[in-house]
Each structure stands twice: as structure tokens, then as C-alpha cells.
Amino acid sequence: MENKDVKRVDIGGQAVLEGVMMKSPEYIALAVRRPDGSVVLKRDPYEAPSKKHKWMGWPLIRGMVNMVLMLSMGMKTLDDSAKMGGVAEEEPTKFELWLAKKLGKGVDKVVMGVAIVLALILSMGLFVFIPNTIIKLFPATGSNGMLLLKNLVTGVVRTVILLGYLYLCGRIPDMNRTFRYHGAEHKTVYCHEAGLELTPANARQFTTLHPRCGTSFMLITFILSIVFYSIFDVLVLSLTGFDLGAHYFLRVLTRLLLLPLVAGISYEVLKLLAHKENKCTVVLRKPGMMLQKLSTAEPDDGMLEVAIVAMKAALGDMPEGPKTEEGYIIAVPAPEKKED
């Protein structure tokens, strides 16, 4: 049955271990299934940065802002989901305690900051430092053709690393379950976009592949970076005679400095491809959709139920019910244990 009254807005999301986060223009809702079978829910108000600062909503700029926001929000969501799921928290290290004391910050904030820094280092290592080592195998000749070849090869290496990373993650049982929750997130978003009542039966019919997925965004960024960095390198060579392709550290530095701009362009391309329906956009977004076969998997009805709880809360439908000791709403109670 189609729900004619539902408000149509773009909903973003994130899958976590045994849970799903949904973000609407007004709320961020996180639902997690606990080991006892219950589903607990928390919701926080959300205000887009562009509402406070209009320039943050400008084309290109909004993509850069979104990249930083998603990294910070993603780490916080992972931390919140671990707490909600009843995962035992690790004791902060002596370094983290010392850092918290020196900075005058809470240990939680310091731990989160350390986690973000480590995630950035890992990402840069996998997708910037390692792929660019390939230039050492090429002759240091300052020609446009050689620059284009270096950028093409580094782009291919970067993409192969991404494919291998996603494939290996999918072989880890916990990550495979997270990928299934990722599929539940996409199916639920499709169900909402179709104006259907949010039920597992309605959501089940949709694909796990969605054009606004972060996996597609990564692939678009990787492909556009080949073009963008090639143009930049050729311009530098033409205007100054300096061959960036022959200097590893300068090459890496320019890639890091220009990454926000590439991300901003990629964000605009992603939105364009996702919101336009024609033969051209369908073809262009196909590679990103196919890549999602590695980052999503078919969910069961229990996973869809969790995603629907988060979706409804993000849209403003907050359930009433008992709360846990930590203050989380018990959106779905634990099933009653059968007596022997």
C-alpha cells in the first residue's frame, strides 16, 4: 500500500554491527539489536551546517563539508552503536588518559579523536601513499604522456586496493553481517522513496544497490581523481616545467591538498547521477552500483526491522516505550523465552 502522506526527503544512512543509522534533515536516529533480541533506539536532533553558514551549502563546498562531517559522524556512530549493543568498552590507554589531562578534554572525546586520526592514517596509507609508490617504477621524464600514464596506473592500483579491501572485509563474519545491515539500509531507503508503508515485506522487494551510496562516491572520487590530477600535473609542467611525477613526496602532498576539491566535485557528480533518470546517468552510475555488490548483502527480516525502526525515528515517528538504564528507548522488546 502506498503511503501518500509521507514526506519525501533524501535520507542518508550508515550500517554498523547489528544496527543502522538513518539521517534526515531534522534527526539522526540509530537503532541497534542487542544479544537478547531487543532493538534499542536513540535519536538526536540534526541541523545541517548550511543552515548555520549558507556558504557551506554552495556547490563543491558542500561536498567538502560532507566529507569531513561523514568521517566525524561515522566514527561517533560506531562508538554509540558499540555502547548501545552492550559491547564492553576498552579501558583508555595511559597515552589517552595523559592526552585527556593535557588537553582538558573528556576521555571519550580524546579516544574518538585518536580513532579518527588512525582512520585517516590508514586511509591515506592505503589509497594515497601506497598507490603513488608506483611512480618510482617509471622513468623521470617530463612528458605529458608519461604523466597521464602514471596517473592512470596509480588510479588503477588505488581501485584494485579498494576492491581487495571490500572483498576481504566481506569474508570476516562480523563485517559480512554489517554489509547485510548495509543492504537493509538501502532497501528501507528505497521503500521510503517509493512511498510504501515501512514494513519488512515491502522493503524486501527492493535491491540492495543504491545510487547515493558512499561506496559509489568512493569509486567516483577515484575515477575523477585520475582525470583531475592528470590535468593538474600537465598544467604544472606546462606553466613551470616542473615534473610532479618525478617527486614522490611532492606528488603525495599535492594529492592530499587537492583531495577536498576532488571530493567536492565527486559529490556533485554523485547527486547528479542519483537524481537524474535517463540512459546516460543509468550507464554512468552502473560501475558504482556494481561495486556495492561487495559492500552490501541480502538482509533478513530482523535486519530490515532494525533499519525501519531507525528510518521511522529519523522521519519524526519516535516510538513510546520503556527505556534501558542508559536511557535508550526499547523500540522492539526482547522475545519471551519459551519455557521447557
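Being at pLDDT 95 or above and over 22 Å from the mean Cα position of the chain (by Cα) holds for only one residue in Leu237, Leu294, Leu196, and it is Leu196. Here the condition is being within 30 Å of Leu315 (Cβ to Cβ) and within 23 Å of the chain's Cα centre (by Cα); of Phe206, Phe127, it holds for Phe206 alone. Pairing each residue of segment 224-251 that is more than 20 Å from Gly125 (Cβ to Cβ) and without any contact (Cβ under 8 Å) to a residue 24 or more places away in the chain with any residue that is buried (at least 19 other Cβ atoms within 10 Å of the Cβ) and of a type outside the set (Lys, Arg), provided the two are 6+ apart or on different chains, yields C-beta distances under 6 Å for Val236/Leu244. Scanning segment 214-234 for residues that are aromatic (Phe, Trp, Tyr) and more than 18 Å from the chain's Cα centre (by Cα) turns up Phe228, Tyr229, Phe232. Within segment 15-28, the set of residues being in a loop (DSSP other than H, G, I, E, B) and within 16 Å of Val332 (Cα to Cα) comprises Glu18 only. All of (1) more than 16 Å from the chain's Cα centre (by Cα); (2) crowded, with 18+ Cβ neighbours inside 10 Å; (3) hydrophobic (A, V, I, L, M, F, W, C); (4) more than 26 Å from Lys136 (Cα to Cα) hold for Leu270 with one exception: (1). Residues being part of a helix (DSSP H, G or I), among the aliphatic types (A, V, I, L, M), touching a Leu at 6+ places or on another chain (Cβ under 9 Å) and closer than 16 Å to Val20 by Cβ are entirely absent from segment 216-230.
Quick check on segment 165-175. Is at least one of its residues surrounded by 21 or more Cβ atoms within 10 Å (Cβ to Cβ) and in contact (Cβ under 8 Å) with a residue 24 or more places away in the chain? No; the residues of segment 165-175 include none that is surrounded by 21 or more Cβ atoms within 10 Å (Cβ to Cβ) and in contact (Cβ under 8 Å) with a residue 24 or more places away in the chain.
Residue selection: Met56 satisfies the criterion of being crowded, with 16+ Cβ neighbours inside 10 Å, in a helix (DSSP H, G or I) and free of Cβ contacts under 8 Å to residues at least 40 places away in the same chain. Cβ separations smaller than 6 Å between residues 6+ apart or across chains give the following pairs from segment 310-332 residues that are exposed (fewer than 11 other Cβ atoms within 10 Å of the Cβ) to residues that are part of a strand (DSSP E or B) and at pLDDT 95 or above: Pro322/Ile330. Looking at Ala82, Ala31, just one residue is modelled with pLDDT of 90 or more, in a helix (DSSP H, G or I) and under 20 Å from the mean Cα position of the chain (by Cα), and that residue is Ala82. Restricted to segment 88-186, the set of helices (runs of 4 or more DSSP H) holding at least 2 residues that are modelled with pLDDT under 80 comprises 94-103, 107-124. For segment 134-153, the candidate set comprises residues that are closer than 15 Å to Arg255 by Cβ and free of Cβ contacts under 8 Å to residues at least 24 places away in the same chain; within that set, the residue that is surrounded by the fewest Cβ atoms within 10 Å (Cβ to Cβ) is Ile134.
If you go through segment 18-53 and keep only what is small (Gly, Ala, Ser) and surrounded by 16 or more Cβ atoms within 10 Å (Cβ to Cβ), you end up with Gly19, Ser24, Ala29, Ala31, Ser38, Ala48. Being outside any helix (DSSP H, G or I), of a type outside the set (Val, Ile, Thr) and free of Cβ contacts under 8 Å to residues at least 12 places away in the same chain is a condition met by no residue of segment 255-267. For segment 195-204, does any single residue satisfy the condition of being in a helix (DSSP H, G or I), touching a helix residue (DSSP H, G or I) at 6+ places or on another chain (Cβ under 9 Å) and under 17 Å from Lys293 (Cβ atoms)? No, because not a single residue in segment 195-204 is in a helix (DSSP H, G or I), touching a helix residue (DSSP H, G or I) at 6+ places or on another chain (Cβ under 9 Å) and under 17 Å from Lys293 (Cβ atoms).
The values are calculated or read from the model by the stated rules, or taken from the named source; none is laboratory data. Keep in mind the model is a prediction, meaning the values are calculated, not measured. Cβ coordinates were reconstructed from backbone atoms using ideal geometry, including for glycine residues, and neighbour counts include every protein chain displayed.
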